[in-house]
Structures are given as C-alpha cells and as structure tokens.
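Below: the structure, in structure tokens.
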Amino acid sequence: MKKFFIGFAFVSLLIAGVLSYFASGDPDGLDKTVEDTGIAEHAQEHPFAGSAFADYALGGDDKFTGLAGVLGVIVVLAVSFSLFWFLRKRSPQTDLAD
Amino acid sequence: MHMSDGLLNAPVSVAFLVIAAMGVGFALVKARADLDDRTAPMAGLVATFIFAVQMINFPILPGASGHLLGGALAAILVGPYVGALCVTIVLVVQALLFADGGLTALGANVTNMALIGTATGFVVALALRRLAQRGKGGLAAVAFVSAFVNTVVAATGFVVEYAIGGAGGVEIGKVALLMWGLHALIGIGEGLITAVTVTSVASIRPDLVYLLRGTKKPLEVRS
C-alpha cells in the first residue's frame with residue numbers, strides 16, 4: 001500500500017533533484033511569445049528576484065538547481081499534504097461514502 | 001507558462017486575482033468530497049510530481065522550450081477540484097520561493113494553468129471516459145488528448161488576458177498565432193508526459209485514478 005506512495009515521492013525527488021540539470025534553458029512558449037513581440041520589455045523584475053532560491057538556484061548559482069528542486073519537492077509535499085489531509089472527509093465509514 | 005509582472009496592466013491583474021481567488025475558493029469547497037484517507041496523500045504526491053516535472057523544460061524548436069502544465073494530469077488522477085488545488089499550490093510555491101511567475105500576475109497564472117487548464121483537461125477526459133475505460137491504450141489516448149487540449153486552451157487564457165489589458169499594444173493576432181503555434185508543440189509533450197504518468201499509475205494502482213473510479217465492475221462484466 002505505502003510502497004506506491006513512497007515510490008511516487010521518490011520519482012518526484014529524482015526528477016527535481018537530478019533530471020532538472022538536463023532541462024532546456026531556452027524560453028518557454030509564453031516567454032518566447034513575449035520576447036518575439038517585444039511585450040517582454042514591459043516585464044518587471046520579480047520582487048523576490050534576489051531571494052536565495054530564485055530561478056531554482058542557490059544565490060544565483062545553477063550548480064545547485066538539484067538542491068533547489070529537492071527543497072521545492074519537500075515544500076510542495078508538506079504544503080499540499082497538510083492542506084489535503086486537513087480537508088479530507090473524516091467519517092469512519094469512508095467505504096460507504098462512495 | 002508563468003508570466004512575469006507587468007505584462008498585463010494593473011486593473012486586469014487585479015481582476016484575475018479576484019477570479020483566481022473565487023475559483024480556488026470554489027475548488028476548496030468542492031474538493032472535500034473527493035478527499036479521504038487514501039486520496040489525500042495521493043493528491044499531495046500529484047502536486048509534488050507536477051512541481052518536479054515543471055522543472056523539466058523540453059526543447060520544442062531551436063530557441064524555444066516548454067514544460068508540463070499538469071492540469072489534465074491532475075484532473076485525471078485526483079479530479080478537477082483537488083487537481084486545481086494541486087496546480088495552484090505548485091504555482092504559489094514557485095512564485096514565492098523560486099521567483100518564478102510574478103506576484104501581481106499570480107491571479108492570471110492560476111487562472112490559466114490551475115483553473116482553465118485543469119477544467120479543460122477534465123472536461124475532455126470526462127467526454128472520452130468510455131475510451132479510457134477500454135484499457136491501457138484507451139487511457140493513454142484520452143490522457144494525451146485531454147493534456148494537449150488543456151495546454152492550448154490555457155495558452156488561450158493568456159491571449160484573452162492580453163487582449164483585455166496587455167502592455168505594449170501588440171496586435172492580438174500576432175500574440176495568438178505565436179501562443180497557439182508554440183503551445184500546440186508543447187501540448188504534444190504535455191500529452192506524452194500525461195499519458196505515460198497516468199497509465200503508469202493505472203497499471204499499479206488503478207483505484208487511485210479518479211477518472212476510472214466507479215468503473216471497476218462494468219469493466220469486468222464488459223457490459
């Protein structure tokens with residue numbers, strides 16, 4: 001039962017922590033669109049652009065992308081698990097609820 | 001597909017913050033019914049997986065890339081309401097922790113990727129549910145198509161927002177053509193990732209696939 005959940009979490013860690021180094025650095029579809037049309041000139045710098053993990057790095061150093069990814073996985077898992085666990089139906093007869 | 005601040009004017013940004021807040025509030029209310037001791041952990045893992053895969057930009061053309069949005073993936077695995085919350089959490093963490101996606105633009109980004117993307121993916125998947133129940137190939141096809149449509153429609157969200165109040169006054173046809181062209185290509189990647197993910201989960205734990213839920217018996221009986 002639990003094996004699947006642990007495996008799923010491990011896959012996410014592997015993707016964010018290791019595979020992330022192989023991601024393309026080119027602009028994505030929206031960025032490419034706003035760059036090619038000149039809309040990007042109106043883009044403002046992100047208020048947190050100078051923060052520690054901005055752009056999935058550590059202090060602007062891309063070598064730590066994997067670390068940023070692992071941190072993100074932990075934070076997203078903690079936030080989402082807490083929210084969904086709090087929201088869930090707590091009735092003991094969950095098998096009847098379906 | 002995370003837009004920075006400043007691409008949309010202030011009133012439109014605020015309007016979409018309100019729209020996003022209403023949509024997420026609605027999802028929070030409706031999600032309860034889909035969450036129990038088994039599906040709540042699954043939902044957390046789906047959000048986590050989407051975050052991880054969104055880090056992987058794949059090349060689509062020389063000088064352009066794309067990444068998973070995750071709406072259809074989330075909707076198929078955990079349903080539209082929980083799914084919208086999964087993508088929202090990802091976008092909020094990305095904006096606050098990684099400076100990815102603007103803060104005033106967060107409303108529009110949530111609207112496009114979490115609300116429009118997930119809703120579109122779910123509607124398409126639901127319409128093709130019979131095909132999805134016909135085994136792995138059918139499920140893969142449904143996942144691919146709903147993810148492709150979710151990408152293109154989410155991209156259309158930006159086109160509409162830009163038409164209402166975008167900065168720079170670029171001709172909307174030009175914006176639309178670029179967005180649709182690029183996101184048709186990204187949609188193929190989104191479709192492949194979604195198909196592989198959904199069929200992998202279905203082959204190990206079909207009970208955790210929202211779209212297949214309640215279909216076990218008719219499937220066995222082959223009615």
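The values are calculated or read from the model by the stated rules, or taken from the named source; none is laboratory data. Note that the structure is predicted; figures quoted are calculated from it, not measured. Cβ coordinates were reconstructed from backbone atoms using ideal geometry, including for glycine residues, and neighbour counts include every protein chain displayed. These accessible areas exclude ligands, DNA and RNA; they are computed on the full protein's heavy atoms, side chains included. Shrake-Rupley method; radii C 1.70, N 1.55, O 1.52, S 1.80 Å.
Applying a threshold of 7 Å to beta carbon distances and a minimum spacing of six or more residues, or different chains, the list of pairs starting in the stretch A:56-70 at a residue that is over 16 Å from A:Ile15 (Cα atoms) and ending at one that is open to solvent by 20 Å² or more (accessible area, probe 1.4 Å) and among the aromatic types (Phe, Trp, Tyr) reads A:Leu58/A:Phe64. You will find that of B:Ala27, B:Ala21, the residue that is in contact with a Phe, Trp or Tyr (Cβ under 8 Å, 6 or more places away or on another chain) and part of a helix (DSSP H, G or I) is B:Ala27 and no other.
Pick from the stretch B:81-96 the residues that are facing chain A (nearest Cβ under 9 Å) and either open to solvent by 10 Å² or more (accessible area, probe 1.4 Å) or over 12 Å from the mean Cα position of the chain (by Cα) (or both): which of them is farthest from A:Pro27 (Cα to Cα)? Only one residue tops the list, namely B:Ile89.
Do we have any residue at all in the stretch A:82-98 that's within 25 Å of B:Ala154 (Cβ to Cβ), assigned to a helix (DSSP H, G or I) and of a type in the set (Val, Ile, Thr)? There is no residue in the stretch A:82-98 that is within 25 Å of B:Ala154 (Cβ to Cβ), assigned to a helix (DSSP H, G or I) and of a type in the set (Val, Ile, Thr).
Just one of the listed residues (B:Asp100, B:Asp36) is open to solvent by 10 Å² or more (accessible area, probe 1.4 Å), under 25 Å from B:Ala132 (Cβ atoms) and modelled with pLDDT of 95 or more, namely B:Asp36.
For the stretch A:15-33, filtered to residues that are more than 7 Å from chain B (Cβ to nearest Cβ) and touching a residue at least 24 places away in the same chain (Cβ under 8 Å), the residue that is most open to solvent (accessible area, probe 1.4 Å) is A:Tyr21.
Just to be sure before I move on: is B:Ile60 open to solvent by 30 Å² or more (accessible area, probe 1.4 Å) and in a strand (DSSP E or B) in the structure I sent? Criteria met by B:Ile60.
Among residues belonging to the stretch B:16-58 that are of a type in the set (D, E, K, R) and at the interface with chain A (Cβ under 7 Å from one of its Cβ atoms), point out the one that is nearest to A:Lys2 (Cα to Cα). Only one residue fits best here, namely B:Asp37.
For the stretch B:103-120, residues that are over 18 Å from A:Gly29 (Cα atoms) and open to solvent by less than 10 Å² (accessible area, probe 1.4 Å) total 2.
The helices (runs of 4 or more DSSP H) located wholly in the stretch B:135-223 that include 3 or more residues which are open to solvent by 30 Å² or more (accessible area, probe 1.4 Å) and modelled with pLDDT of 95 or more occupy B:136-165, B:172-204. Name the single residue, out of those in the stretch A:34-45 being facing another protein chain (nearest Cβ under 7 Å) and not in a helix (DSSP H, G or I), that is surrounded by the fewest Cβ atoms within 10 Å (Cβ to Cβ). Among residues in the stretch A:34-45 that are facing another protein chain (nearest Cβ under 7 Å) and not in a helix (DSSP H, G or I), the one surrounded by the fewest Cβ atoms within 10 Å (Cβ to Cβ) is A:Gly38. Within the group B:Phe49, B:Phe98, which residue is touching a residue at least 60 places away in the same chain (Cβ under 8 Å), under 26 Å from A:Tyr21 (Cα atoms) and out of contact with any Leu (no Cβ under 7 Å at 6 or more places or on another chain)? Going through B:Phe49, B:Phe98 in turn, just one is touching a residue at least 60 places away in the same chain (Cβ under 8 Å), under 26 Å from A:Tyr21 (Cα atoms) and out of contact with any Leu (no Cβ under 7 Å at 6 or more places or on another chain): B:Phe49.
Among residues of the stretch A:41-53 that are in contact (Cβ under 8 Å) with a residue 12 or more places away in the chain, none has a Cβ under 9 angstrom from a residue that is surrounded by fewer than 17 Cβ atoms within 10 Å (Cβ to Cβ) and not in a loop (DSSP other than H, G, I, E, B) at a sequence gap of 6+ or on a separate chain.
Within the stretch B:59-80, residues that are under 18 Å from B:Ser203 (Cα atoms) and more than 8 Å from chain A (Cβ to nearest Cβ) reach no partner that is part of a strand (DSSP E or B) and of a type in the set (Ser, Thr, Tyr) with beta carbons closer than 9 Å at six or more positions or on different chains.
Kindly indicate whether B:Ile50 is β-branched (Val, Ile, Thr) and open to solvent by less than 10 Å² (accessible area, probe 1.4 Å). Answer is yes for this residue. Residue check: A:Phe48 meets all listed conditions (1) part of a helix (DSSP H, G or I); (2) within 7 Å of another protein chain (Cβ to nearest Cβ); (3) open to solvent by 40 Å² or more (accessible area, probe 1.4 Å) but one, namely (1).
Just the residues that are open to solvent by less than 40 Å² (accessible area, probe 1.4 Å), among the hydrophobic types (A, V, I, L, M, F, W, C) and touching a Gly at 6+ places or on another chain (Cβ under 6 Å), please, taken from the stretch B:121-134. B:Ala132, the sole residue that qualifies.
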